[in-house]
Every structure is written in C-alpha cells, then in structure tokens.
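Peer 1: For reference, the structure I am asking about is given below.
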Amino acid sequence: MVVIMKGLIATIRMSAAGKLNGGVPALFAGYLLKIVYLLPMVFLWRSFAENGADLGGFTIGRLLTYTCVSAMLEAQLNVRSGAVSWHYDGQIIDLYRRPQTVFGQLATTTVGGWLPELLLFSLPMALVLPLFGVSALPETVWFFPCLALSVSLGFAVDFLFSCFIIRMQNATWLAFTLRNAVMLLLSGAVIPFDLLPWGIGGILKLLPFGSLAAAPLSVFVGMAAPVEVFPLQILWNIVLWPLAALAFQKSRERMVSYGG
Amino acid sequence: MGDKVMYEISLRRFLGLYALYARMDLDFLVRDARLSLMAIAADGLSNAASVSGVFLLSQRFGGIGGMSRWDVLFMLGYVTCVTGLYQLFFSGNNTGHISRRIGRGQVDHMLVQPLPLPVQLATEGFIPFTGCQNLLFGIGIIVWALRGAGHSVGAAFAAGTAGYLFVSLAIIIGLSYLFSSLAFKRQVAFEEIASTVVDDLTGMLSNYPLSAMPPPVQWTLITVVPAGLLGWFPACALLGQAPLGLSALYPLAVAVVIWALAALAFKKGLKYYVKYGSNRYNAGGHRR
C-alpha cells in the first residue's frame, strides 16, 4: 500500500514538474488569456446591474464571484485527463507498460497537472480579488464536498469522451470540439443557469453537465443549498461511473494509438 | 523564378485549383461520410455554442448595452459569417493557421511544388463541402435578425455587408500571417500562435457587443486587439451608426495596415527559413 502511494505521489510530482517544462512565462501566457476571457463577462454583468436589470436573485457581487471562481477552478470544473488527448500522440500506450492502474495514473497525472495553476494563478487571484471588492471565499464549507463530487463526475465524463474517441477511430479533434461546445453551453461555467431565458436553466440543472460546474459554483456563492445539488451529483456519479468503467473496458480492445 | 511562374498563372488555372480542392474535399466527405458528417455537426454545434451565450443573455435582458436583441443577433450572425468564410477558404491544409505549417517544417513541401507560394496559400484551404456549415448558419441568423428587426435590405446594404465581411476576413488572415511569421525562427514555441491569436483571442472576443464596455475597452478592442472589427463595429455601422465617431471605412484602414505589416514580417521570416531551413525533424525523420 505504502509503495503504491509513493508511486502515485511521485507521479503527481512528475506531472506537476512537467507543466513547468516550457518555462513559467509560457504558463503565464495562458493565465493572461483566462483574465482576458474574464473581462468581457465582468463588464457585461456590471452593465446589466447598472441598468437595473433583474439578475435572477444574484447580486452583482455574487455574479462577479461566480465568474471569477469559474475561471480560477476551470480545470477542476471541466476535468481533462490524458484519456482524451493521449490517443493522438501515442502516450496512452505508456500507461499499460507501468506497474500502476490506468485510472490511477490518469487521475494522478491530471491532479499533478493542476498544481502549478492552482499555485500560480488560482491562489494569487483569490488573494487579489477582495481588493476589487469580489469575495473569493465560499459561503459554506459544503462547497468542498460538492467540488469533490464534481471532480469525480468530471473524470467519469472524461472517460466517456475517451471511449467516444476510440469508437470514432481517434477523432480527437471532433471529440474536443464537441466537448467544448457541450461544456460551454450546458455546464453553467460561463453563464449561471438563473440568468438564462425561457426557463432553460431549470432543465440544464438536471443534466449531468449541470452538476459539473453550475452546482459547485452556485453553492460557492450561496445561490443553491447543498441539499439541493448533492442528490443530483451523487445520482449522476452512481449512473455514469459504472457506465464509464464498462465502456472503457469494452473500448480497450479497439484502442489504437500511435504518434511521435 | 517564383515571380515568373506566378505571372503565368491564369485566372482559369487559378479557378481550376479551387475546383481541384473542392473535388478533394468532396472525396474526403464521401470516403467516410459518417465521420465527416459528425465532424461537420460538431463544428456547427461548437460555433452555435460560442455565440449562444451572448444570444441568450440578450434575449433574457432585452438587448445589451443599448443594442436591441435583434441588433445583437445581427452582430452574432455577422461574426458567424466571418468565421464561416474563414473556415470555407482557409481551413483546409491549415492555410489560415499557417504557423502550424511553418512550425512543423511543412513550408519545405510547398516550396518544391510547381506553383507560387501565394497561389498555394490562396487555394489550398478551400473546403466547400465540409466547411460551409458556419457560413450558412451565419446567413440564416442574419436573415432572422433583419426580419425580426423589420430592416429592409437593399442592394446597398447587401453590398456593404459583403464589403465588411471581406474586410473582417482580411483582418483575421492578416493577423494570422503577421503573428505566424514568428514561427519561422522559433518553430516549436510559435507553432500554435495562429490559433491563439485567431481562435482563442480575437475570435472569442469578437462575440461580445462592445457597446456594454467602457470606452477604453472599446478602443483597445478595435486597435490593439481588433476583435471589435470582426463583429461589433461592422454591425453597428451597417445598422446605422459607426461607433466612437469613427469613419465607416476605419476597418478597411486597419486591414491595410495589418496586411502591410504581415507582408513585411512574412517575407522577412521566409527569407530566414529559406536560408536556415527547419529544425523540427532529426535525421531519423522524427519530429523534435
């Protein structure tokens, strides 16, 4: 057990260090883009608030927190492991040649890859936001189990996309495009469901994608009670994990990976 | 030599190349129709998703920043048409994302072709069968918006829209080639610079109606990062008034400046590339 844990921790460390291979300035270019993406939404929310629009129960402060936290935790709210990108360049084959489980390696490399961003972008942003009058503290500690359920569900969704890629004979770009569209539209990471017209938000909340981003973000800003979102998050985990495991098991025989 | 050959390329031959690439695109489509149709659908969905956020907000709030919901819809249709034209004429063979070709050492392959480089770049990207969905979608949105707003469309309006679309397309291509010139010297580092500039930065920001932004942000987004010239500015100008007191021809002036800079940078980069070549492949043929 200790040996296994040591191996997993070493993988996390290697994955985190690997993110720094291109140099810290290269990482900051990506962080700068995240901030650029954030600004239009911030101005839009302010514009609506200044015009006295009905913000669906949100205050401007809560809206800004929702948007900023969504940017800070983007990687956790939309889990992207090597399961979807490593078919393309042949890396997924390596996972079968190491004395660790495939899922264990995918999980640890993903978590390790998050660490530099959490330290160099998310944490500094959480410290700076209060200076601009935006709270970066969750309304309740129940946000953390909610986030854990979201991450768990994110891995299941990620595995299902991986199976889709295998089934589509390594159409990685297709899956990437499709996934981005689905997440942008259905997860609530960009626009809170309460601000959507025609009652669309009420339907999207029930879908698994709503449990990925909208659920933890709504709990973070206090727009949803944990007891409202936990049952759905748990339900989707119970439904999608066996499905993902079964689909991945079946897909392995079809897996083709090459590159260099 | 290259200039001489280019001089001999007739319009008929030029159009013939478009026909050739159209035929190849059709072959690609029918070779695996299921995969191709799924890719087309995914691409259409991706584009719909990228404009849907602003669309839904404008529906919910009855417009954004002084623009009515129909104005916002028209702007989103315009942006989708720009993306669609870019996809239709410059998606094949990465001619729009030219930093990928440069960064992967593939300009070598182009230099040995019996066609001038500009002719190849102008024609190779044409994919009328697998790349037309966004343009059609955008035209549909524009028609919907104009009908909804009760705008009458005359020849002048149609010509103005076509002219602005051409200029917006020129701005994207110019930006792509300007920044891609960096890849001639730093191939690994700048292989994806075109997608960062075109898709991630200007493309993403072009979806926002800048009327809701403060003036410094508006100015930034029509000068330093000219995303506003790919949607907001042309839409405002076509619907009545060019914003910020600027001339309606301002986007054309910006396009000319960007193209002049791009031509200069690309020529200089190509000169360097021709002299030193690509460092992306080792002697065994593997990419570094």
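Just so you know, all these numbers are worked out from the coordinates, no wet-lab data involved. Please read these numbers as outputs of a predicted model, since none were measured by experiment. Note: ideal-geometry Cβ built from the backbone for every residue, glycine included; neighbour counts use all protein chains shown.
Peer 1: Is the C-alpha gyration tensor of the stretch B:119-237 telling us rounded, prolate or oblate? Criteria: a/c under 1.5 is rounded; beyond that, a/b larger than b/c is prolate, otherwise oblate.
Peer 2: On the way: a/c = 2.33, a/b = 1.38, b/c = 1.69.
Oblate, because a/c is 1.5 or more while a/b does not exceed b/c.
Peer 1: Further, regarding this structure: Helix B:33-61 versus the longest principal axis of chain B: what angle, 0 to 90°, nearest 10, using Cα atoms?
Peer 2: 30
Peer 1: Farthest toward the dipole's positive end in the stretch A:2-254, which of A:Phe28, A:Leu160, A:Ala53, given Cβ charges of +1 (Lys, Arg) and -1 (Asp, Glu) about the Cα centre?
Peer 2: A:Leu160
Peer 1: While we're looking at this one, here's another question. Let me have the relative contact order for chain B, percent, based on Cα pairs under 8 Å that are six or more residues apart.
Peer 2: The value is 23 percent.
Peer 1: At q = 0.05, 0.06, 0.08 Å⁻¹, what is the log10 ratio I(q)/I(0) for the protein assembly as shown, with the Debye formula run over Cα points and no solvent?
Peer 2: Reported log10 I(q)/I(0), two decimals: -0.22, -0.32, -0.58.
Peer 1: Related question: Which is farthest toward the positive dipole end of the protein assembly as shown among B:Leu146, A:Pro99, B:Ile171, measuring Cα position about the Cα centre, with Cβ charges +1 (Lys, Arg) and -1 (Asp, Glu)?
Peer 2: Selected residue: A:Pro99.
Peer 1: While we're looking at this one, here's another question. Does the stretch A:76-115 come out rounded, prolate or oblate by the C-alpha gyration tensor, with a ≥ b ≥ c the root eigenvalues, rounded set by a/c under 1.5 and, if not, prolate when a/b is larger than b/c and oblate if not?
Peer 2: oblate
Peer 1: Any idea what angle helix B:69-90 forms with the longest principal axis of chain B, computed on alpha-carbon atoms, 0 to 90 degrees, nearest 10?
Peer 2: That works out to roughly 10 degrees.
Peer 1: Taking chain A as a Gaussian network, Cα atoms linked when under 10 Å apart, which of A:Asp94, A:Asp158, A:Asp194 shows the biggest mean-square fluctuation?
Peer 2: In this elastic network of chain A, the residue with the biggest mean-square fluctuation among A:Asp94, A:Asp158, A:Asp194 is A:Asp94.
Peer 1: Another question, if that's okay. Between B:Ser68, B:Leu111, B:Asn47, whose Cα lies farthest towards the positive end of the dipole of chain B when Lys and Arg beta carbons carry +1 and Asp and Glu beta carbons carry -1, centred on the Cα centre?
Peer 2: Ranked along the dipole, the leading option is B:Leu111.
Peer 1: Additional query: Given the C-alpha centroids of the stretch A:1-43 and the stretch A:112-162, what is the distance between them in whole angstrom?
Peer 2: For the stretch A:1-43 versus the stretch A:112-162, the Cα centre distance is 13 Å.
Peer 1: Also, quick follow-up: Within the stretch B:62-94, find all residues whose amide N lies under 13 Å from a label point positioned 7 Å from the Cα of A:Ala53 along Cα-to-beta-carbon.
Peer 2: Within reach of a label on A:Ala53: B:62-70, B:72-73.
Peer 1: Relative to the first principal axis of the alpha-carbon coordinates of chain B, what is the inclination of helix B:155-180, with its axis defined by its Cα atoms, in degrees from 0 to 90 and to the nearest 10?
Peer 2: Taking Cα atoms only, the helix is inclined about 40 degrees.
Peer 1: Determine one quarter of the surface area of the Cα convex hull of the stretch A:2-254, which equals its mean projected area, and express it in nm² to one decimal.
Peer 2: For the Cα atoms of the stretch A:2-254, the hull's average projected area reads 14.6 nm².
Peer 1: At 222 nm, what value in deg cm²/dmol follows for chain B if DSSP H runs of at least 4 each add -39500 (n - 2.57) and the sum is divided by all its residues, to the nearest 500?
Peer 2: Mean residue ellipticity at 222 nm (helix-derived): -20500 deg cm²/dmol.
Peer 1: Further question on the same structure: Can you list the lysines whose alpha carbon sits under 19 Å from that of A:Lys19, skipping same-chain ones fewer than 8 residues off?
Peer 2: A:Lys34
Peer 1: Taking the Cα centre of each part, how many Å lie between the stretch A:181-198 and the stretch B:182-201?
Peer 2: 30
Peer 1: Let me confirm one metric for peptide A:33-41, namely the mean number of other chain beta-carbon atoms within 10 Å of its residues' beta-carbons.
Peer 2: Shielding by partners across A:33-41 averages 4.
Peer 1: So, one more: Return the lysines within reach of B:Lys271: Cα separation strictly under 30 angstrom, same-chain partners fewer than 8 residues apart disregarded; answer none if there are no such residues.
Peer 2: Straight-line reach from B:Lys271, under 30 Å: B:Lys4, B:Lys185.
Peer 1: Determine the dipole magnitude for the stretch B:41-276: charges of +1 sit on the beta-carbon of Lys and Arg, -1 on that of Asp and Glu, nothing else is charged, the reference point is the Cα centre, and the result goes in debye to the nearest 20. The partial results should precede the final answer.
Peer 2: Numbers: 12 positive and 8 negative charges, 87 e Å.
It comes to approximately 420 debye.
Peer 1: Report, as an integer, the average count of C-beta atoms from other chains found within 10 Å of each Cβ along A:42-55.
Peer 2: 4
Peer 1: Next question. Using a/c under 1.5 as the rounded threshold, could you call chain B rounded, prolate or oblate? The axes a ≥ b ≥ c are square roots of the C-alpha gyration tensor eigenvalues, and prolate needs a/b larger than b/c, oblate otherwise.
Peer 2: prolate
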